[in-house]
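Below: the structure, in structure tokens.
The values are calculated or read from the model by the stated rules, or taken from the named source; none is laboratory data. A quick note: this is a predicted structure, and the numbers were derived from the prediction, not measured. Note that we place each Cβ from the backbone using ideal geometry, even for glycine, and neighbour counts take in every protein chain shown. With ligands, DNA and RNA removed, areas are computed over all heavy atoms of the protein, side chains included. Shrake-Rupley method; radii C 1.70, N 1.55, O 1.52, S 1.80 Å.
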Amino acid sequence: MNEMKKILLIGTGGTIASDVTDSGLAPELTTEQLLSHIPGISDICGVDCLQLLNLDSTNMTPAHWLEIAACIREHYGCYDGFVITHGTDTMAYTAAALSYLVQDSPKPIILTGAQKPIWFDGTDSKRNLTDAFLYACRGCGGVQIVFNGKVILGTRARKTFSKSFQAFSSVNFPDLAVLQD
């Protein structure tokens, strides 16, 4: 029998982890809380949770990219892959930075997020997060964005729509994969 893959879920904030506050939506939910919304993940892989940051992605800086890369390096030997929840506004920048900070990784390093919070009716969060785990378990190595059923190379991703679930496109390069059902 095949052993289940072990994936580290790293939380950095974003809309996917947002909740209602006195000031409106803000990243408040932990990786454990996100995972509680998709209980079927335990049938796919073993997951450990690590809450690294809880930022609106417009506040993401190069110092945070270094922190994420250091976290991946620190835990690299213990996991088969990594899923990073992230806000969509700067996800493509983070993916590109991580592609250079963690080069030639044979293990998948997957960024995902959402246009609507995970608790919201009609959210894209659950699909994106589930797809990210599926691809982290069965996909190829390197840094990639998994969003709306598409897998995009980290150095080729661009946010092209700010409200559509089809938020990201691959620039001058084909999508690496399409995830369905």
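Beta carbons closer than 9 Å, at least 6 apart along the sequence or on distinct chains, pair a first residue in region 21-44 that is on the phi < 0 side of the Ramachandran plot with a second that is part of a helix (DSSP H, G or I) and exposed (fewer than 14 other Cβ atoms within 10 Å of the Cβ) for LEU35/SER42. Out of PRO106, PRO174, one residue alone is more than 13 Å from the chain's Cα centre (by Cα) and modelled with pLDDT of 95 or more. It is PRO106.
The residues of region 88-105 that are in a loop (DSSP other than H, G, I, E, B) and closer than 18 Å to SER170 by Cα, listed by number, are THR88, ASP89, THR90.
Pairs linking a residue in region 140-162 that is touching a residue at least 60 places away in the same chain (Cβ under 8 Å) to a residue that is open to solvent by 50 Å² or more (accessible area, probe 1.4 Å) and not in a strand (DSSP E or B), with Cβ atoms under 6 Å and 6 or more positions apart or on different chains, are ARG158/VAL171. One residue stands out among those in region 6-29 that are open to solvent by 30 Å² or more (accessible area, probe 1.4 Å) and under 17 Å from the mean Cα position of the chain (by Cα): the one that is modelled with the highest pLDDT, which is LYS6. Within region 74-84, does at least one residue satisfy the condition of being over 20 Å from ASP131 (Cβ atoms) and within 14 Å of the chain's Cα centre (by Cα)? Within region 74-84, not a single residue is over 20 Å from ASP131 (Cβ atoms) and within 14 Å of the chain's Cα centre (by Cα).
Those residues that are in a loop (DSSP other than H, G, I, E, B), in contact with a strand residue (DSSP E or B) (Cβ under 7 Å, 6 or more places away or on another chain), open to solvent by 30 Å² or more (accessible area, probe 1.4 Å) and over 23 Å from ASP104 (Cβ atoms), I need them from region 141-178; list them, please. Scanning region 141-178 gives a single hit, THR160.
Return the total of residues in region 83-129 being under 19 Å from CYS49 (Cα atoms) and open to solvent by less than 10 Å² (accessible area, probe 1.4 Å). Counting residues in region 83-129 that are under 19 Å from CYS49 (Cα atoms) and open to solvent by less than 10 Å² (accessible area, probe 1.4 Å) gives 17.
Among the residues making up region 30-60, those that are open to solvent by less than 30 Å² (accessible area, probe 1.4 Å), among the aliphatic types (A, V, I, L, M), under 15 Å from VAL83 (Cβ atoms) and not in a helix (DSSP H, G or I) are ILE38, LEU53.
The one condition from (1) over 20 Å from LEU25 (Cα atoms); (2) more than 11 Å from the chain's Cα centre (by Cα); (3) among the β-branched types (Val, Ile, Thr); (4) assigned to a helix (DSSP H, G or I) that THR130 does not meet is (2).
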